[in-house]
Structure formats: C-alpha cells, structure tokens
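Down below is the structure, laid out as structure tokens.
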Amino acid sequence: MDRSRLLDRIVLDPRIMVGKPIIKGTRLTVQHILNLLAHGATMEDILKEYGGLKKEDIQACLLYASATLEDTTFMPLEETA
C-alpha cells in the first residue's frame with residue numbers, strides 16, 4: 001500500500017480523543033499503538049486485542065510517526081562537564 005493511502009488511515013478530529021491522531025473509525029490513538037509496540041507487543045498481539053484493526057492500520061501509525069519526525073528540528077543539548 002502506498003504512503004498516501006496508509007496516511008489516509010490516520011485522522012485528527014478535535015472532537016475525538018482531544019484531537020490526537022487516531023486510526024480512522026476508532027478511538028485508538030497513534031500514541032497508544034506505538035506505546036504497545038514499544039513495550040514489546042507484536043503486530044499480531046495488537047490485531048488479536050483489537051479485532052477490527054488491520055495490519056495496515058499499525059503500519060499507518062508507524063508511518064505517521066516517522067512523517068511527523070521528518071518535519072522536526074532537533075537541537076543538540078550542550079554537554080556539561
């Protein structure tokens with residue numbers, strides 16, 4: 001699935017989850033899915049837990065996070081002795 005079709009699965013609506021990015025048609029935030037993955041859940045674990053999700057929804061969360069970081073400028077912190 002191409003980038004734009006994956007990203008179409010992520011929506012922002014100020015009336016749902018205070019405007020956080022969510023998987024379209026759910027109340028599952030991108031942050032929640034990324035947190036599950038960061039804590040060791042596999043894609044299969046998440047798909048079992050949330051029966052309506054598809055593999056592409058999880059891929060969309062990862063792509064959304066990556067795309068968000070593309071536009072972020074990082075400034076190195078000064079090292080202190």
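Considering the options 67, 42, 23, tell which one lies farthest towards the positive end of the dipole of the chain, charges being +1 on Lys and Arg and -1 on Asp and Glu at the Cβ, about the Cα centre. Among 67, 42, 23, the one farthest towards the positive end of the dipole of the chain is 23. Labels on offer are [x] 1.43; [y] 1.05; [z] 1.07, and the one holding Rg/Rh (Cα atoms, Kirkwood Rh) computed from this structure is [z].
The angle separating the long axis of helix 55-70 from the principal Cα axis of greatest extent in the chain is about 20 degrees.
Charge tally around residue 29: other residues with Cβ under 15 Å, Lys/Arg +1 each, Asp/Glu -1 each, net +2.
Just flag the GluC sites (Glu not before Pro) in the chain sitting in loop per DSSP whose Cβ has no more than 15 other Cβ atoms within 10 Å. It would help to have the intermediate numbers written out before the result.
Numbers: sites: 44, 49, 56, 70, 78, 79; in loops: 78, 79.
Sparse-neighbourhood loop GluC sites (Glu not before Pro): 78, 79.
Remark: segment 13-30, residue by residue, has Karplus-estimated 3J(HN,Hα) of 9, x, 8, 10, 6, 6, x, 5, x, 10, 6, 3, x, 10, 10, 8, 7, 4 Hz, where x stands for each Gly or Pro and the curve is 6.51 cos²θ - 1.76 cosθ + 1.60 at θ = phi - 60°.
Here, each number is a calculation from the coordinates, and none is a lab measurement. Note that the structure is a prediction, hence the values are computed from the model and not measured. With ideal geometry, Cβ positions are generated from the backbone for all residues, glycine too; neighbour counts draw on all protein chains shown.
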